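The values are calculated or read from the model by the stated rules, or taken from the named source; none is laboratory data. All of these numbers come straight from a predicted model, not from anything done at the bench. Reconstructed Cβ throughout: ideal geometry from the backbone, glycine too, with neighbour counts over all protein chains shown.
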Amino acid sequence: MMQPRPLLIRLKPYFSVLDGPLLFILGLLACSGLVVMYSSAFDFPGRFADHLRNYMIALVVMWLIANISPQTLMRIAVPLYVVGVLLLIGVALGGEVRKGARRWLNLGFTTVQPSEIMKIAMPLMLAWYFHKYEAVLKFKDFIVASVLLIVPVALIARQPDLGTAILILLAGLFVLFFAGLSWKLIIPVILAGMIGITTLVAMEEKICQPDVDWKILHDYQKNRVCTQLNPMHDPLGKGFHTIQSAIAIGSGGLAGKGLMQGTQTHLEFIPERTTDFILAVYAEEFGLLGIIWLVILYIALVFRGLMIAGNAPNTFTRLLAGSVTLIFFTYAFVNMGMVAGMLPVVGVPLPFMSYGGTALLTLGLGCGILMSVQRHKAFIAR
């Protein structure tokens with residue numbers, strides 16, 4: 001009679017799905033995040049413990065998703081997208097209003113924010129679509145994919161939640177780019193954006209007057225753009241975040257003031273110091289060298305993700321892994337630019353550093369997808 005195998009031997013296949021290099025990078029980011037959270041959340045009882053708990057939940061979610069094959073992810077792509085869009089329509093028709101925004105939907109047993117679902121559902125859906133039609137891909141397929149992208153983005157922007165809408169729009173555009181969207185269409189959009197930004201800067205004094213109505217943007221969105229152009233317009237109000245963040249970053253110098261020694265942090269000059277502006281705390285206490293270390297970790301994360309995408313065996317996994325990786329890049333780039341005063345304040349967390357259970361859950365899902373693609377590539381190729 002055969003003896004049952006030891007428990008560790010039986011569990012080994014389930015843990016071998018974790019990609020070593022990616023897990024090592026994430027571990028370094030998590031350690032950096034916990035260290036700076038300990039300092040920034042010192043005056044928030046329980047927040048550090050909550051952040052550690054959120055890390056554990058994200059780790060479990062990552063492991064669960066890593067054990068799901070890409071074929072299964074492909075099968076749930078359409079249902080997840082449809083459910084996400086229906087929930088967004090539900091929000092538009094009867095969602096809860098909080099702080100002037102209609103972003104949440106009460107399902108009776110819980111309250112959900114459907115826009116978070118679309119952060120993963122959108123790249124899944126577009127990757128599925130291009131995989132399905134890869135053999136006969138035509139320009140009209142890019143038009144259809146654009147419609148699939150614009151519908152949820154428009155619903156989210158209407159809430160209003162422009163920051164999340166932009167993130168989801170970029171996630172979809174990354175899939176379109178990897179699917180082969182022509183540079184002839186991409187370059188004019190980039191040039192138009194550069195011209196628009198230049199025009200904003202040149203006309204800042206005129207267009208940022210209180211009596212000027214921007215029509216297409218809400219007042220708070222106009223204020224964010226104008227504050228980014230010149231935070232000194234309202235230094236004690238709308239420009240306070242940007243100004244205090246810049247002071248904290250500059251005061252950190254080369255090596256920083258040391259853990260728990262940040263004056264801007266512990267005298268409570270930095271608003272949202274555990275969430276959107278945690279990078280300002282990190283810069284003040286660890287200086288330029290600490291920022292360089294963080295940038296190296298994000299570059300390594302993106303590089304590893306693109307390696308996984310490059311080695312993916314089919315269109316679906318290649319597009320999905322590439323898009324998820326560039327979502328990580330977008331989060332880091334936008335948050336760092338926002339904290340440094342180079343981009344408007346849009347409420348984007350710093351990946352694996354900022355406090356927030358939903359954000360860490362989304363990031364854990366993304367990492368799990370990358371590990372699933374890497375682990376199951378041999379089986380997909382057969």
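Test Glu96 against the stated conditions and say whether it is touching a helix residue (DSSP H, G or I) at 6+ places or on another chain (Cβ under 7 Å) and farther than 24 Å from Arg375 by Cα. Full working, then the answer.
Working: touching a helix residue (DSSP H, G or I) at 6+ places or on another chain (Cβ under 7 Å): no; farther than 24 Å from Arg375 by Cα: yes.
So Glu96 does not fit the description; no.
Restricting the search to the stretch 244-269, which residues are touching a residue at least 40 places away in the same chain (Cβ under 8 Å) and surrounded by 20 or more Cβ atoms within 10 Å (Cβ to Cβ)?
Answer for the stretch 244-269, where residues must be touching a residue at least 40 places away in the same chain (Cβ under 8 Å) and surrounded by 20 or more Cβ atoms within 10 Å (Cβ to Cβ): Ser245, Ile249, Gly262, Thr265.
For every residue, the table says whether it meets (1) under 19 Å from the mean Cα position of the chain (by Cα); (2) not aliphatic (A, V, I, L, M).
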| residue | (1), (2) |
| --- | --- |
| Val97 | no, no |
| Val144 | no, no |
| Pro160 | yes, yes |
| Phe174 | yes, yes |
| Phe178 | yes, yes |
| Pro188 | no, yes |
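Please determine whether any residue of the stretch 355-377 is surrounded by fewer than 22 Cβ atoms within 10 Å (Cβ to Cβ) and farther than 26 Å from Ile57 by Cβ.
Yes, the stretch 355-377 contains at least one residue that is surrounded by fewer than 22 Cβ atoms within 10 Å (Cβ to Cβ) and farther than 26 Å from Ile57 by Cβ.
So is Gly100 of a type outside the set (A, V, I, L, M), modelled with pLDDT under 90, more than 30 Å from Ile291 (Cα to Cα) and out of contact with any Leu (no Cβ under 7 Å at 6 or more places or on another chain) or not?
On the way: of a type outside the set (A, V, I, L, M): yes; modelled with pLDDT under 90: yes; more than 30 Å from Ile291 (Cα to Cα): yes; out of contact with any Leu (no Cβ under 7 Å at 6 or more places or on another chain): yes.
Criteria met by Gly100.
Are any residues in the stretch 358-373 at pLDDT 90 or above and either part of a loop (DSSP other than H, G, I, E, B) or not aliphatic (A, V, I, L, M) (or both), and if so, which ones?
Passing the criteria: Gly364, Gly366, Cys367, Gly368, Ser372.
Against the definition (under 22 Å from Pro21 (Cα atoms) and without any contact (Cβ under 8 Å) to a residue 40 or more places away in the chain), how does Phe329 come out, yes or no?
Judged against the criteria, Phe329 is a match.
Which is within 25 Å of the chain's Cα centre (by Cα), closer than 28 Å to Asp19 by Cβ and surrounded by fewer than 22 Cβ atoms within 10 Å (Cβ to Cβ), of Ile278, Ile292, Ile308?
Ile292
For the stretch 106-142, give me each residue that is crowded, with 21+ Cβ neighbours inside 10 Å and among the hydroxyl-bearing types (Ser, Thr, Tyr).
Ser115, Tyr129
Within the stretch 339-354, identify whether any single residue is crowded, with 19+ Cβ neighbours inside 10 Å and under 20 Å from Trp63 (Cβ atoms), and answer yes or no.
Within the stretch 339-354, one or more residues are crowded, with 19+ Cβ neighbours inside 10 Å and under 20 Å from Trp63 (Cβ atoms).
For the structure I just gave you, tell me whether Ser32 is over 25 Å from Gly368 (Cβ atoms), hydroxyl-bearing (Ser, Thr, Tyr) and either assigned to a helix (DSSP H, G or I) or touching a residue at least 24 places away in the same chain (Cβ under 8 Å) (or both).
no
Among the residues that make up the stretch 140-162, is at least one of them touching a residue at least 40 places away in the same chain (Cβ under 8 Å), in a loop (DSSP other than H, G, I, E, B) and not charged (D, E, K, R)? Show your work before the answer.
Going through the stretch 140-162, the residues touching a residue at least 40 places away in the same chain (Cβ under 8 Å) turn out to be 148, 151-152, 155-156, 158-162.
Among the residues that remain, those that are also in a loop (DSSP other than H, G, I, E, B) are: 158-161.
Keeping just the survivors that are not charged (D, E, K, R) gives 159-160.
Looking through the stretch 140-162, at least one residue is touching a residue at least 40 places away in the same chain (Cβ under 8 Å), in a loop (DSSP other than H, G, I, E, B) and not charged (D, E, K, R).
Any idea which residue in the stretch 106-118 is modelled with the highest pLDDT, counting only those that are farther than 17 Å from Ala154 by Cα and not in a loop (DSSP other than H, G, I, E, B)? Steps first, please.
Kept after step one, since they are farther than 17 Å from Ala154 by Cα, are these residues of the stretch 106-118: 106-112.
Subsequent filtering for residues that are not in a loop (DSSP other than H, G, I, E, B) retains 106, 111-112.
Details: Asn106: 78, Thr111: 71, Val112: 75.
For the stretch 106-118, the residue satisfying everything is Asn106.
Being assigned to a helix (DSSP H, G or I) and either closer than 20 Å to Pro271 by Cβ or modelled with pLDDT of 90 or more (or both) is the filter here; which residues of the stretch 331-357 pass it?
Within the stretch 331-357, Tyr331, Ala332, Phe333, Val334, Asn335, Met336, Gly337, Met338, Val339 meet the criteria.
Quick one: what pairs do we get from the stretch 170-194, first residue modelled with pLDDT of 75 or more, second among the hydroxyl-bearing types (Ser, Thr, Tyr), C-beta under 7 Å, 6+ apart or different chains?
Between residues of the stretch 170-194 that are modelled with pLDDT of 75 or more and residues that are among the hydroxyl-bearing types (Ser, Thr, Tyr), the close pairs are Leu170/Thr330; Ala171/Ser323; Phe174/Ser323; Val175/Ser323; Phe178/Ser323.
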